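Contents: one structure, followed by commentary.
The values are calculated or read from the model by the stated rules, or taken from the named source; none is laboratory data. Model, not experiment: these values are computed from the prediction. As a convention, Cβ positions derive from the backbone with ideal geometry for all residues, glycine included, and neighbour counts pool all protein chains shown. Just so you know, the surface numbers come from the protein's heavy atoms only, side chains and all, with ligands and any DNA or RNA stripped out. Shrake-Rupley method; radii C 1.70, N 1.55, O 1.52, S 1.80 Å.
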Amino acid sequence: MKLIKYAFLAIICLSLTNCKTEEHEFPLDKRYWNTADYDKAVLELRFGYKDDEKKPTFDNPETRLIVEKLTDHQNYKVVLDDEELGIKHRNEVATSFFNEWKDMNQIYNATDRKDKYLYDKEMLAVFKFGLGLQLKYFKLGNDQIRENADDPNSSRVKNNINSNVGTLISNYLIYLDEINNEDAFTEEGKTKLAEGIDTYFTELIELYPNANYSGMKNKAELMLKKSQSSKIKSSLTKLIELINSKKAQK
């Protein structure tokens, strides 16, 4: 009789209160996410969670995989690096990923009452996803400009390409803006922020060694004076030295 009683109570519990947390669905079984997967995942992460509900984090073993899939650079690389695919098609995919990334930036940007980031590591992982993506996105765009041009060496083509590279560099400066919010990061977050400078800014300058980095150098010098983090200051110093070395080689 007791078993029947408990079973009956359990049924009442399930019917009246659902007795389980709300589930969030993500295509975690897929090896790579396409832009349609991102569209659904980003929508769920931005609007499917209640205000007091914890979003997926790297520190939570139950939800870590969601963040890892969301910020996995292989998702876009598997298409954008495939030279068997047409450049027009890859450009269209790159544009779709870029648009998804702009929405992704709204997922983990919340702060608490002390103006500290609630998800600094996750926010930076999303940011780095965009830094890596943009290197592919802008290069593919410039490659298509050359391919479609009657004269790839014309001044008009060169000006268009240089303008695109300038936009890319300006977009990268937004990452350095986060140093103004240095106090909002945990110590681990500051380390992650510095690692982003070391990795992606180096890749940018190596890809476009002859570009104009005067604005980036000026920004880095200002942030170097402002930062209190030894790791961030070290990364900024290396960035400035790299820019100076490329300038000296011209």
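Details
- Hits in the stretch 26-60 - residues which are of a type outside the set (A, V, I, L, M, F, W, C), open to solvent by less than 50 Å² (accessible area, probe 1.4 Å) and within 20 Å of LYS128 (Cβ to Cβ): THR35, ASP37, TYR38, LYS55, PRO56, THR57
- Test: THR63 is open to solvent by 20 Å² or more (accessible area, probe 1.4 Å), touching a residue at least 24 places away in the same chain (Cβ under 8 Å) and more than 17 Å from the chain's Cα centre (by Cα): no
- When we screen PHE127, PHE58 for residues that are in a helix (DSSP H, G or I), among the aromatic types (Phe, Trp, Tyr) and touching a residue at least 60 places away in the same chain (Cβ under 8 Å), the only hit is PHE127.
Rundown of residues vs (1) surrounded by fewer than 20 Cβ atoms within 10 Å (Cβ to Cβ); (2) farther than 25 Å from GLU206 by Cβ; (3) under 11 Å from the mean Cα position of the chain (by Cα), yes/no style:
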| residue | (1), (2), (3) |
| --- | --- |
| TYR76 | no, no, no |
| SER96 | yes, yes, no |
| ASN99 | yes, yes, no |
| LYS102 | yes, yes, yes |
| ASP115 | yes, yes, no |
| ASP120 | no, yes, no |
| GLY130 | no, no, yes |
| LEU133 | no, no, yes |
| LYS136 | no, no, no |
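- Summed over the stretch 210-237, residues that are touching a Ser or Thr at 6+ places or on another chain (Cβ under 8 Å) and either in contact (Cβ under 8 Å) with a residue 60 or more places away in the chain or of a type outside the set (Gly, Ala, Ser) (or both) total 4.
- Remark: pairs (first residue in the stretch 190-205, among the basic types (Lys, Arg) and part of a helix (DSSP H, G or I); second residue open to solvent by less than 30 Å² (accessible area, probe 1.4 Å) and at pLDDT 95 or above; Cβ separation under 7 Å; 6+ apart in sequence or on different chains) = LYS190/GLU182; LYS190/SER229; LYS190/ILE232; LYS192/LYS121; LYS192/LEU124.
- Only listed residue being under 21 Å from the mean Cα position of the chain (by Cα), part of a helix (DSSP H, G or I), exposed (fewer than 15 other Cβ atoms within 10 Å of the Cβ) and hydrophobic (A, V, I, L, M, F, W, C), chosen from ILE174, ILE169: ILE174
- Looking at TYR200, TYR213, just one residue is among the hydroxyl-bearing types (Ser, Thr, Tyr), surrounded by 19 or more Cβ atoms within 10 Å (Cβ to Cβ), at pLDDT 95 or above and more than 20 Å from the chain's Cα centre (by Cα), and that residue is TYR213.
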